Structure formats: structure tokens, C-alpha cells
Amino acid sequence: MNNSINLYSRLPKVDQLLNNENIQQLLKISPREIVTETIREVIDELRVLISSKNLTLEELDCKINRITEDIRDRVQESLKPRLRKVINASGVVIHTNLGRSLINREIMEHITEIASNYNNLEFDLESGMRGSRYSHLEDIIRKITGAEAAMVVNNNAAAVVLALSSLASNKEIIVSRGELVEIGGSFRIPEVMEQSGAILVDVGTTNKTHLSDYEKSINENTAALMKVHTSNYRILGFTESVSLEELVNLGQKFSLPVIEDLGSGVLVDLSRYGLQYEPTVQESIRAGVDIVTFSGDKLLGGPQAGIIIGRKKYIDMMKKHPLNRALRVDKFTIAALEATLRLYLSEETAIKKIPTLKMLTMTQEELASKAERLMSQIEQKNLDKLKIEIVDDYSQVGGGSMPLEQIPTKCIVIYSEDSSIASLEKNLRANSIPIITRIFKDKLYMDLRTIEEEEFNEIAEGLKFALEKC
Ligand SMILES: *Cc1c(COP(=O)(O)O)cnc(C)c1O
């Protein structure tokens, strides 16, 4: 290793940098304090690196050569919002960590119109009196699902808590042991259910639950029967669960409501588009389930929301429940959800315009031709160190939906003999629009299913940036 004294002497001084032409440009558009602070921070970091002897002369020179760009990037970064657009090249369509479902741009224009103006959120334009915020959503949800009544809260977890608080506080809820799932982020259905004050009575075993298991547990303190859609896992092999129809019959026999947490809440039968069959919301209502809850931002493809549908007498209890005030949705959610639901009036429109559905139903031909176009944009950057290929792979639905579904897709795969794929992946995340990719066996994968055509140029530029970054 080099004599570190020599290395320190290579570092520029603060004043020297402040007089640099590029930094002068930067000062015209950014606060001086932030620029000075950033210069100090960058120099300090280099000092620490030198003292830790973790830096070769080559690396140091590369960092010093790029120092004004680095300072500019950091200053611009610190002035930008922390929550920002990223490019999802992971192929996970409903990626919970990347914001789940995307909202169509035409709908965003509508949201802008609603949010930046006064609106009739709780105002009845006909009578001139106070109205209900749920009125905008109720008719359209009833029309699409066939339910008698509907309401919407902050998310599906809230929907479950509100339904159970309203119907079963201090009373027993019977649920199959095989359905006590954890959704992710250590969110467990039984714990959420218990938050409502309901007493969980789990019946049956992990792999088998019979109708008689429910029936034996019914007593005078039972408030409801519950079914949870095990959306994010499957028990295979020697299994048995009770059908919705059987549960509904049992509920009717004992005058107990049946509550179903459907999780994803799909409104169109996706098996018609080559995907795995997933029970629809409409089927649950047709089977006679009294209360159905589902998410707005999973397979429905709308904003974060929890939709509760079913019999009017129960929905009315929930609307009046004090907890509802704490879980209520705002005008952004209502505007986005109403507009998304309107697209479902025609299934063809829904598939075409709702980004989640559009991505999930994208054909192999579309994916292949997108892959060709992205590949040629990347090739134009002459990134000689990188080898690039188009390969067949699988996308995932994500969001805890359809765990076994492997949707055939096309990926751009990048590998290299002389530069690290791990640092390429990391540097892509540091791009001005972060690019989220996946590494498998020392190769970088970019799945075309979740990448928009308009993002191709940014990806090509991003790869160039990521290769040059040190
Ligand atoms: C995802 C999911 C939830 C939670 O829904 P959020 O809208 O994320 O609150 C609850 N139950 C099931 C079965 C789910 O799949």
C-alpha cells in the first residue's frame, strides 16, 4: 500500500473546490450552506477511506476525478424528496416494497383535479346538504360485485379489524387453523383479528378442516364464522378445507354471519388470460358470504384501500362504528379508487388501462419485442465490458398473491468477466432514478414485464453511469 501521507496530499481543499467552475455553476442553483457542507462531507469521507487503508491509488484518483460530479449529485440528491420514482426491473408486479399497484396516468390527472380544487367529498350536490364520502364508491362497487352494500377503509388489515370489531367484539370467531396466515412484514392475521377484541377459536388442523369442526365449536358466544384466503401460500398434498357454500349453509343454520378475508380481491377471472385461477370477489358474494374484505392495491390495481362489501345491515354497523373514524379514507384514495373501479365496467378496458392487469397479461410477443428494443438502446451506449443477452425467465405476481404462479417472461441478462455484477447492481440503485434489478448466479436480470417503454433510455444511461461510478 502507498504511503498514506502522499494520498492525503492529493485531496483538494474546500476553498479550491468552491472556486471550481462546476461548483460555481452548482452554487447558482443551490444553497451555499448545503454545497459547502457537502464538500466537507465528501473530503472527510475520502480521509476516512485513506486512513482505513481501504483504497488503492487508482480508486482514489477515480474518486478525485469525479469529485465535483459527486458533490453535484449529492447536493441535488439532498434537495430532492426522499420518496421518489424508481424503475422496477425485478419482474415482481405487485411489489409491496416498491409501492404495489401503479395508478394509470389519466386517473392521476383526475386526482390532481380533485385534490387541487374544492370538491363534493362530503357534500350532496342535489340537496345542498352534508353528504357521505362513501357515496361516491358505494354504487360502483355494488354494481361490479353484486353486493348489497359497500364501504372503504385505509387498507385490508383495517377492513378486517373494523368488520370484527363491529360484529364480534368480546365474542368468538371460528376460523380454520390452516388459514391463520402471516402476510409479510410480520403481519399476522390472528394478531390483527385479536386487535378487534374478538376471541379467535381455531378449529381443525393445519392441513385438514371439516365442516363438523366448525359446527362442534359453535356456542352461544359465537359471533361469526370466518374464512381467510391463504393468498400467499398453499398447503399441498393430503388437505381438505370447507367450501364457501358449506360454510354459508352452516352460518345460515345457526344465524351466524360468514366473514371472508379475500386478501387480493380480484375482480376479473384471470384464468381467461392464461394465469392461474384465483377466486373472484363476485363468486364470494354469489356464494352468499355476508361480509367480504379485500385490498385496493393488490390484484384490483388501485390505490391502497380496504374494501368491505356485503349485507347492508352489517355494513351500516361498520359505518357507524367509532373505529371507522380512525380508519377512514381521504379524497386521494376515493378519487383514485372510484376512477379505477369505473374502468372495470368493461373488462377489456380494465385489462388495457389498469397497469397491474396490463402487466400481468402482457403477451410473450410483446415482451420479446420490448426486450429487443431495450437491448438495442443499451448497445448504443457501447458498454464494452458488459455481455448482454435476452433470456426466458419467470415473473412473479407479488403482494402475497398467487404464490405458485410463474409467469413466463423475457429478461435482459447482463454479466461481465472484468467488472463486479454486485457493484453494478448497487450502483444502479444509486442512479438518479434508482433502477431495481435482481442478481442470480452472478448475472444481473432485468425483467421486461415491469419496465415501461419510456424507461428504456434511463436504463441505458443508468448502466453507463453504474459502470463508470467508483
Ligand atoms: C394482503 C392481505 C391482507 C392485508 O391487506 P392490506 O391491504 O395490505 O392491509 C390481509 N389478508 C390477506 C389474506 C391478505 O392477502
When both residues are 6+ apart or on different chains and their Cβ atoms are under 6 Å apart, which pairs have a first residue that lies in segment 164-178 and is at negative phi, and a second that is assigned to a helix (DSSP H, G or I) and buried (at least 20 other Cβ atoms within 10 Å of the Cβ)? Leu164/Met193; Ser166/Met318; Ile174/Tyr214
Selected residue (criterion: farthest from the ligand (Cβ to nearest atom)) from residues of segment 156-194 that are over 15 Å from Ala224 (Cβ atoms) and at pLDDT 90 or above: Arg177
The lone condition Thr239 fails out of (1) open to solvent by 50 Å² or more (accessible area, probe 1.4 Å); (2) under 30 Å from the mean Cα position of the chain (by Cα); (3) hydroxyl-bearing (Ser, Thr, Tyr) is (2)
For Ile103, indicate whether it is of a type in the set (A, V, I, L, M), within 16 Å of the ligand (Cβ to nearest atom) and closer than 30 Å to Arg342 by Cα. yes
When segment 246-286 is checked residue by residue, the ones that are in a loop (DSSP other than H, G, I, E, B), open to solvent by 30 Å² or more (accessible area, probe 1.4 Å) and away from the ligand (no atom under 16 Å from the Cβ) are Phe254, Ser255, Asp269, Gly274, Tyr277
Give me a count of the residues in segment 77-107 that are touching a residue at least 12 places away in the same chain (Cβ under 8 Å), under 24 Å from Ser432 (Cβ atoms) and open to solvent by 80 Å² or more (accessible area, probe 1.4 Å). 2
Count of residues meeting criterion [open to solvent by 10 Å² or more (accessible area, probe 1.4 Å) and within 15 Å of the ligand (Cβ to nearest atom)] in segment 131-155: 2
Mind listing whichever residues of segment 287-338 are within 16 Å of the ligand (Cβ to nearest atom), open to solvent by 50 Å² or more (accessible area, probe 1.4 Å) and aliphatic (A, V, I, L, M)? Leu323, Ala326
Checking the structure you have, find out if any residue of segment 342-357 is farther than 23 Å from Gly99 by Cβ and surrounded by 17 or more Cβ atoms within 10 Å (Cβ to Cβ). no
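The values are calculated or read from the model by the stated rules, or taken from the named source; none is laboratory data. Quick caveat, the model's predicted, so the values are computed rather than measured. Methodologically, a virtual Cβ is constructed for each residue, glycine included, from the backbone with ideal geometry; neighbour enumeration extends over all protein chains shown. Keep in mind that these areas ignore ligands, DNA and RNA; they rest on the heavy atoms of the full protein, side chains included. Shrake-Rupley method; radii C 1.70, N 1.55, O 1.52, S 1.80 Å.
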